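Note sheet for the following structure.
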Amino acid sequence: MKALLIADFGSPYYPGLRKEHPGVEFAEALTDGEILGEIGNADVVFGYLTTTQFKAAGNLKWIQTLDAGMEGLFNAIPTIVDTDIVVTNARGAGAPMIGEHGVALMLALARQLPRFWSDKAVHRWDQDGALDVVEYLGDKTCGIIGFGKSGREIGWRAKALGMHVIAVDEQPVDGDTTVEEVWGSSRLRDLLAESDYVVVTAPYSARNENMIGAGELALMKPTARLVVTSRGRLVEHKALVEALKSGQIAGAGLDTTIREPLPSDNELWDLPNVIITPHIAGNAEKDLLDRRTVGIFAGNLRRFVSGQPLINVVDKHLQY
């Protein structure tokens, strides 16, 4: 069996894979020429292939990608959907960090931290004004759209702060003490109406693009905030801007946006009730995320070698 390793950040961890699997032929390749020279008889790929590289694969059985999002793979090689090649992703590698970041955005919105940062810049101590705007996050309802690994990481942290946690998910979810209820996606509107903080952690696919539009935003409380940590394209951009400008919703914390980088002339930058971070919710110290990502591949490689079912298998038709 041959495994082709094309993720350069994994190099420090590849010797451990070789030691654990002496019967596997490992080939590291970084350039297009190197990959094309090795892909022909590779059974396994750790990383992303181009269309040309994929066409040159003659024995491929499994691809392990490097992220949770799958647009990159399916945009590059859409024909993989019609093959027997198994695709797995790295969902969960950044989930604890996304959990922290999602809750940090909720806390920053509730405690009005951007306002106080602005006050600090002009040396203003406005205690009386601040008393009218700070909020208690406990006892609020956190509604999570997409109760996968990232959703769970946000959920238990929100619960630890005293929040009531509800969720919707397209897939059946086993009992989880973190969340009070997990509904099917048909009850999205109920979740939007009940939540004080709506957190979007659902994966992106063409089917759920703009799943939150003007009608959905209109269901939210005027005091509610929207937090997006998965993909900005799940929220209709113009409708979100209008809801934020009109006061239809109270604010938003956005780690992902409709376009990335977000253009400098986009209206979101200048809205005082919006916090923007540059798609870094799943990141931390680089070696931590690298180690967790390679660790998912390493665990799946053990399963592959021993004939056990893989984890993080992607439904190629749903593309997540």
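What FRET efficiency do you get for E28 and K120 if R0 is 35 Å and r is their Cβ-Cβ distance, rounded to the nearest 0.05?
Using R0 = 35 Å, I get an efficiency of 0.10.
Under the rule a/c < 1.5 gives rounded, and otherwise a/b versus b/c splits prolate from oblate, where does the chain land using the Cα gyration tensor?
prolate
For region 153-196, what are Rg and Dmax over the alpha carbons, in angstrom?
10.3, 28
Mean Kyte-Doolittle of at least -1.0 plus a Cα span of 15 Å or more along the axis: flag which DSSP H helices in the chain meet both, please.
Span-like helices here: 95-110, 286-306.
Name the residue from V235, S205, A7 whose Cα lies farthest towards the positive end of the charge dipole of the chain, charges +1 on Cβ of Lys and Arg and -1 on Cβ of Asp and Glu.
A7
Please compute the modelled spin-label separation between E100 and K238, points set 7 Å along Cα→Cβ, answer in nm with one decimal.
My value for the distance between the label points is 3.9 nm.
More than 22 angstrom separation, counting every C-alpha pair in region 95-276; what % is that?
Looking at region 95-276, the distances longer than 22 Å represent 42 percent of pairs.
With +1 on each Lys and Arg Cβ and -1 on each Asp and Glu Cβ, and nothing else charged, work out how big the dipole of the chain is about its Cα centre, in Debye to the nearest 20.
With only Lys, Arg, Asp and Glu charged at Cβ, the dipole is about 360 debye.
With a Förster radius of 25 Å, plug the Cβ-Cβ distance of K19 and L310 into 1/(1 + (r/R0)^6) and report the FRET value to the nearest 0.05.
On the way: r = 22 Å, r/R0 = 0.86.
E(calc), rounded to 0.05, equals 0.70.
Pull out a ≥ b ≥ c, the square roots of the eigenvalues of the alpha-carbon gyration tensor of region 190-320, then state rounded if a/c is under 1.5, prolate if not and a/b is larger than b/c, and oblate in the remaining case.
prolate
Looking only at E153, E236, E34, which one moves most when the chain is put into a Gaussian network model with springs between Cα atoms under 10 Å?
Maximum fluctuation in the GNM of the chain, among the listed residues, is at E34.
Mind checking which of G184, G148, G102 has the largest fluctuation in a GNM of the chain, springs on alpha carbons under 10 Å?
G184
For the chain: lysine pairs with Cα atoms under 25 Å, gap of 8 or more or different chains, count?
Pairs that pass both the separation and distance tests number 19.
Calculate, for Y136 and N41, the FRET efficiency according to 1/(1 + (r/R0)^6) with r their C-beta to C-beta distance and R0 56 Å; round to the nearest 0.05.
E between Y136 and N41, to the nearest 0.05, is 0.40.
Scan around I144 for amide H atoms under 5 Å from its own, H built in the peptide plane at 1.01 Å from N, and keep only partners 5 or more places away or cross-chain.
I166, A167, V168, V199
Using only alpha carbon positions, build the gyration tensor of region 143-224, then give the equivalent ellipsoid semi-axes as the square roots of 5 times its eigenvalues, largest first, whole angstrom.
Ellipsoid half-lengths, sorted descending, are 19, 16, 11 Å.
None of the figures in this text is laboratory data; all of them are computed from the coordinates on show. All values reported here derive from a predicted model rather than from experimental measurement. Cβ coordinates were reconstructed from backbone atoms using ideal geometry, including for glycine residues, and neighbour counts include every protein chain displayed.
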